[in-house]
Amino acid sequence: MIIDTTEVQDINSFSRLESLKEVYGIIWILIPIFTLVLGITIGVLVIVWLEREISAGIQQRIGPEYAGPLGILQALADGTKLLFKENLLPSRGDTRLFSIGPSIAVISILLSYSVIPFGYHLVLADLNIGVFLWIAISSIAPIGLLMSGYGSNNKYSFLGGLRAAAQSISYEIPLTLCVLSISLLSNSSSTVDIVEAQSKYGFWGWNLWRQPIGFIVFLISSLAECERLPFDLPEAEEELVAGYQTEYSGIKFGLFYVASYLNLLVSSFFVTVLYLGGWNLSIPYIFVSELFEINKAGGVFGTTISIFITLAKTYLFLFIPITTRWTLPRLRMDQLLNLGWKFLLPISLGNLLLTTSSQLLSL
């Protein structure tokens, strides 16, 4: 049997071409993911700097100003310090749970960013169940906190983990009911469709005006989900030393720190998407209808404008949770649970009932 050398060369070149195509395909899949992770990391550093500056202004003191211009590199310096600190393990704790807990808390929140539309159809995964996927994924984070508290073999850490689980269960139900009301108004659970449904009348088309009660309940519930004051009971310094973080040091403690700010940022993004019109301009359509074509403009210019609008709304909203932290006192645990189960749950159920009734009457 005689094999032609030209045929062998053709087969080899074809196989090399196919393997190169596979490599390029994998690279093109990974590039958006790495870009999103890089952008999120920069966003967290900006939030840390903003919180320090705003808190310094509220308390009439000097904030960070020496590490870089205006102190913008202070958060990066703190992260570098935590990266090189020694990781300590409790001698009688569960080492596996102790190590896995922080990773679960961070990864579950990072996955939530895949369904956030940062611009006109600029989303990593446009799913039909986008908002409910966020709720499902974010409910995994308290499991990581509970594992961390239990694995530390410390009563303060374990109490902090239990508080985190109880708090998450209490406030996820009103949060989900508010999201369900928005889905009924928009006739979709896709984050892109929800933004598109608000784009008809500009500023007056926001769900904020159609769902004011739902917005207030969503705001309170998201603050509790992020464990921000006045709902930071899982890590209350006066009672639990630092809660589930008590035995942690080095980069593992840094992961908890990052997870709290990642959760705060993703909550602000979802407030922007669900209630503040997303990437759409906030100018009423009847006044300057020509500007609305920017929302659907293609290319680099349209994408840049839509990303800028989304980020501007998100960071403007961030002033509310940051100023709340330095304004209100902490609740007691019984007050926190009473607020969730006895007030927010009935209010969110009533809001859902009103929304459903109005949708049925409009048919």
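The values are calculated or read from the model by the stated rules, or taken from the named source; none is laboratory data. Since the structure is predicted, the reported quantities are computational estimates derived from the model, not experimental observations. Please note: Cβ atoms are built from the backbone with ideal geometry, for glycine as well, and neighbour counts cover all protein chains shown. Just so you know, the surface numbers come from the protein's heavy atoms only, side chains and all, with ligands and any DNA or RNA stripped out. Shrake-Rupley method; radii C 1.70, N 1.55, O 1.52, S 1.80 Å.
In the set (1) surrounded by 14 or more Cβ atoms within 10 Å (Cβ to Cβ); (2) within 30 Å of residue 326 (Cβ to Cβ); (3) not small (Gly, Ala, Ser), residue 81 fails one condition alone, (1). Looking for whichever is of a type in the set (Gly, Ala, Ser), surrounded by 19 or more Cβ atoms within 10 Å (Cβ to Cβ) and more than 25 Å from residue 338 (Cβ to Cβ) here; the options are 188, 168, 152. Which one fits? Criteria check complete, one pass: 152. In the stretch 276-306, the residue that is modelled with the highest pLDDT out of those that are crowded, with 20+ Cβ neighbours inside 10 Å and assigned to a loop (DSSP other than H, G, I, E, B) is 276. For the stretch 229-244, the criterion of a residue being crowded, with 22+ Cβ neighbours inside 10 Å, among the β-branched types (Val, Ile, Thr) and either assigned to a loop (DSSP other than H, G, I, E, B) or touching a Leu at 6+ places or on another chain (Cβ under 9 Å) (or both) is satisfied by no position. Taken over the stretch 116-142, the criterion of being touching a residue at least 40 places away in the same chain (Cβ under 8 Å), of a type outside the set (S, T, N, Q) and assigned to a helix (DSSP H, G or I) is satisfied by 130, 131, 132, 134, 135, 141.
Looking at the stretch 123-131, is at least one residue in contact with a Ser or Thr (Cβ under 9 Å, 6 or more places away or on another chain), aliphatic (A, V, I, L, M), more than 30 Å from residue 302 (Cα to Cα) and open to solvent by 40 Å² or more (accessible area, probe 1.4 Å)?
no
Is it fair to say residue 273 is over 17 Å from residue 46 (Cα atoms), among the β-branched types (Val, Ile, Thr) and assigned to a helix (DSSP H, G or I)?
Numbers: over 17 Å from residue 46 (Cα atoms): yes; among the β-branched types (Val, Ile, Thr): yes; assigned to a helix (DSSP H, G or I): yes.
Here the answer is yes, as residue 273 does meet what is asked.
For the stretch 84-110, the set of residues classified as farther than 14 Å from residue 145 by Cβ, among the aliphatic types (A, V, I, L, M) and either open to solvent by less than 30 Å² (accessible area, probe 1.4 Å) or out of contact with any helix residue (DSSP H, G or I) (no Cβ under 7 Å at 6 or more places or on another chain) (or both) consists of 88 only.
Only helices (runs of 4 or more DSSP H) wholly contained in the stretch 143-225 count here; list those with 1 or more residues that are small (Gly, Ala, Ser).
155-186, 191-197, 212-225
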